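Input: a single structure, listed below in structure tokens.
The values are calculated or read from the model by the stated rules, or taken from the named source; none is laboratory data. Everything numeric here is computed off the predicted structure, so don't read it as measured data. Note that each Cβ is placed from the backbone with ideal geometry, even for glycine, and that neighbours are counted across all protein chains shown.
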Ligand code: NG1
Ligand code: MG
């Protein structure tokens, strides 16, 4: 199982494609800190092919790591002499991007309600680049240097205090673009602190890939985003040339799945697909390429958490609670191992997945306690939930199910509920609701959209299974047009993200439409949305022409061409629209 594998440590740069970039970082590190780094760690960004905003409801998703990544060089801080020894745990962090200022910080032990805690002082209101470095450090401090031990022992015992560290960061993932620069930052920072403190090479203490994912998810919550585990799993576990089916139930697991006919030679699998009604006359061999295109609208997720990301997490969780009540599910049936990811560890909170499992358990008379995701059981459960979710539609006067609304405002009114109604629907009373939900996440909305969010979630989870089926099918001829089928699922996902989950924006809707007109078979938002990137499925033979057409039709790209010199425009656009190959997950290079 991919998640239980150790984190790879290499000692030769020949392993890496862009060895010059690693070399350059090492040289700059030496110029700044006086000696070569002890390690360079790498964590890639990811593109999500399908399964948007369902990881925190514990449904599987299919991302793949991309070549863009974060590299962190690190080494214990040298001691000049015994009088000028740096304080244990101190970090001096630099970033090769000029606009990111250097940062020095020291973890402090603080007493809160009688409990000793590590404190790195992350300011969630004004997140800086080093907040993500600190977020990674927290996990390493809490797990390997538990607070409390230090006061009881000699503070200079190396086991009880982290070493002082120099670190230098460089990256090629555009921030706020839905390609998970934040997860890559947190994963690489966690990894750097593990490496430099000798934990990664200690067989008794080194975390597996799966454990690193869990630590990184927990760490990312330190910057105020209650994410699921997709990005961290993709960044850590991915294998070159494959996508990853990541499932979160009953616990995190990941399976590499082939993408039909990617251009990587080892996985080339040719599929005959017909594009006309006359197969014998017009056949074509498709090779899948995924092209990322940035809307050039940046969406800093942490800044808008209250009204966007965390609000969606909140609406999904409350929708689950209402479903429990309406479907008469007993408390025992959904009380599961809450150590699994999501829902912030509170047993009172239920995920949309818990509801499905409880319902299927009740009806089939058995519970799913297996280690691996039971896909068939899940598929049946999803089909069932897609019907049950209709009970979340508010009854308004003479309710007319299926009636089309003329405009968005009317639709919001039709499907949304206010706070009081929502509390009443959960059947849990105001005080309890406040304790379980309002104290958990800070959110802001006049109307809460329980129906639309839950409907998107269950339908999207089913699309993920269909996408996976097409990819893992060993007999491509059973499905004559796998690419068209994958593309149709991506388009349906886009439509649902736009209309039901409302996590797109006019630019995403426009860019995906233009992408289809430019020759993409399918196109959708990727990542959290509200800006950021889209991903399009394009036949390999069409990629260059596709990118060219998109440059000529998407207005912000045209503006770049019109307002800059040719070469400069070309450079900017190459960073905004590019074809991507599924890359491998984290690794560590050790200097010997
Ligand atoms: P982005 O914004 O692309 O990093 C976020 C979440 C994911 C997932 C997607 C939506 C983080 C770190 N990641 O991804 O867990 O929920 O949105 O599918 O917040
Ligand atoms: Mg992110």
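So which residues in the stretch 249-265 are at pLDDT 90 or above and part of a loop (DSSP other than H, G, I, E, B), if there are any at all?
none
State which residue is farthest from ligand 1 (Cβ to nearest atom) when the search covers only the stretch 164-177 and only residues that are assigned to a loop (DSSP other than H, G, I, E, B) and closer than 13 Å to residue 71 by Cα.
172
Residues that are more than 16 Å from ligand 1 (Cβ to nearest atom) and within 26 Å of residue 260 (Cβ to Cβ): list the helices (runs of 4 or more DSSP H) wholly contained in the stretch 505-592 that include at least 2 such residues.
506-517, 543-553
Does residue 51 satisfy the criteria of being surrounded by 15 or more Cβ atoms within 10 Å (Cβ to Cβ), on the phi > 0 side of the Ramachandran plot and in contact with a strand residue (DSSP E or B) (Cβ under 7 Å, 6 or more places away or on another chain)? Walk me through how you get there before you give the answer.
On the way: surrounded by 15 or more Cβ atoms within 10 Å (Cβ to Cβ): yes; on the phi > 0 side of the Ramachandran plot: yes; in contact with a strand residue (DSSP E or B) (Cβ under 7 Å, 6 or more places away or on another chain): yes.
Yes, satisfied.
So how many residues does the stretch 113-132 have that are surrounded by fewer than 18 Cβ atoms within 10 Å (Cβ to Cβ), part of a helix (DSSP H, G or I) and in contact (Cβ under 8 Å) with a residue 12 or more places away in the chain?
Qualifying residue count, the stretch 113-132: 1.
Collect the residues in the stretch 225-247 that are out of contact with any strand residue (DSSP E or B) (no Cβ under 7 Å at 6 or more places or on another chain) and more than 10 Å from ligand 1 (Cβ to nearest atom), keeping them in residue-number order.
Once the filter is applied, which keeps residues that are out of contact with any strand residue (DSSP E or B) (no Cβ under 7 Å at 6 or more places or on another chain) and more than 10 Å from ligand 1 (Cβ to nearest atom), the stretch 225-247 yields 236, 240, 241.
In this structure, does residue 279 turn out to be at pLDDT below 95, out of contact with any helix residue (DSSP H, G or I) (no Cβ under 6 Å at 6 or more places or on another chain) and away from ligand 1 (no atom under 15 Å from the Cβ)?
yes
For the stretch 359-381: of the residues being within 26 Å of residue 428 (Cα to Cα) and at pLDDT 90 or above, which is surrounded by the most Cβ atoms within 10 Å (Cβ to Cβ)?
Only one residue tops the list, namely 381.
Could you tell me whether any residue of the stretch 447-467 is over 30 Å from residue 373 (Cβ atoms) and at pLDDT 95 or above?
Yes; the residues of the stretch 447-467 include at least one that is over 30 Å from residue 373 (Cβ atoms) and at pLDDT 95 or above.
I need the strands (runs of 3 or more DSSP E) fully contained in the stretch 33-111, keeping only those with at least 1 residues that are within 16 Å of ligand 1 (Cβ to nearest atom).
The strands (runs of 3 or more DSSP E) meeting that bar are 39-50, 62-76.
Return the residues of the stretch 178-210 that are away from ligand 2 (no atom under 16 Å from the Cβ) and assigned to a helix (DSSP H, G or I); say none if nothing qualifies.
Keep residues of the stretch 178-210 that are away from ligand 2 (no atom under 16 Å from the Cβ), which gives 191-210.
Answer for the stretch 178-210, where residues must be away from ligand 2 (no atom under 16 Å from the Cβ) and assigned to a helix (DSSP H, G or I): 191, 192, 193, 194, 195, 196, 209, 210.
Is there any pair with a first residue in the stretch 500-529 that is more than 15 Å from residue 556 (Cα to Cα) and free of Cβ contacts under 8 Å to residues at least 60 places away in the same chain and a second that is within 14 Å of ligand 1 (Cβ to nearest atom) and part of a loop (DSSP other than H, G, I, E, B) whose Cβ atoms are under 8 Å apart and which are 6 or more apart or on different chains, and what are they?
Sorted first by the residue in the stretch 500-529, then by its partner, the pairs are 504/529; 504/530.
Testing residue 40 on (1) in contact with a helix residue (DSSP H, G or I) (Cβ under 7 Å, 6 or more places away or on another chain); (2) under 30 Å from residue 491 (Cβ atoms), one condition comes back false. Which one is that?
(2)
Out of 189, 180, report the one residue that is within 9 Å of ligand 1 (Cβ to nearest atom) and either modelled with pLDDT under 95 or crowded, with 21+ Cβ neighbours inside 10 Å (or both).
180
For the stretch 301-311, indicate whether the set of residues that are assigned to a helix (DSSP H, G or I) and either buried (at least 22 other Cβ atoms within 10 Å of the Cβ) or at pLDDT below 65 (or both) is non-empty.
First, the residues of the stretch 301-311 that are assigned to a helix (DSSP H, G or I): 309-311.
Filter again for either buried (at least 22 other Cβ atoms within 10 Å of the Cβ) or at pLDDT below 65 (or both), leaving 309-310.
Among the residues of the stretch 301-311, at least one is assigned to a helix (DSSP H, G or I) and either buried (at least 22 other Cβ atoms within 10 Å of the Cβ) or at pLDDT below 65 (or both), which makes the answer yes.
Between residues in the stretch 355-378 that are closer than 16 Å to residue 327 by Cα and residues that are assigned to a helix (DSSP H, G or I) and at pLDDT below 80, which pairs lie under 8 Å by C-beta distance while being six or more apart or on different chains?
355/334; 357/334; 358/333; 358/334; 361/333; 362/333
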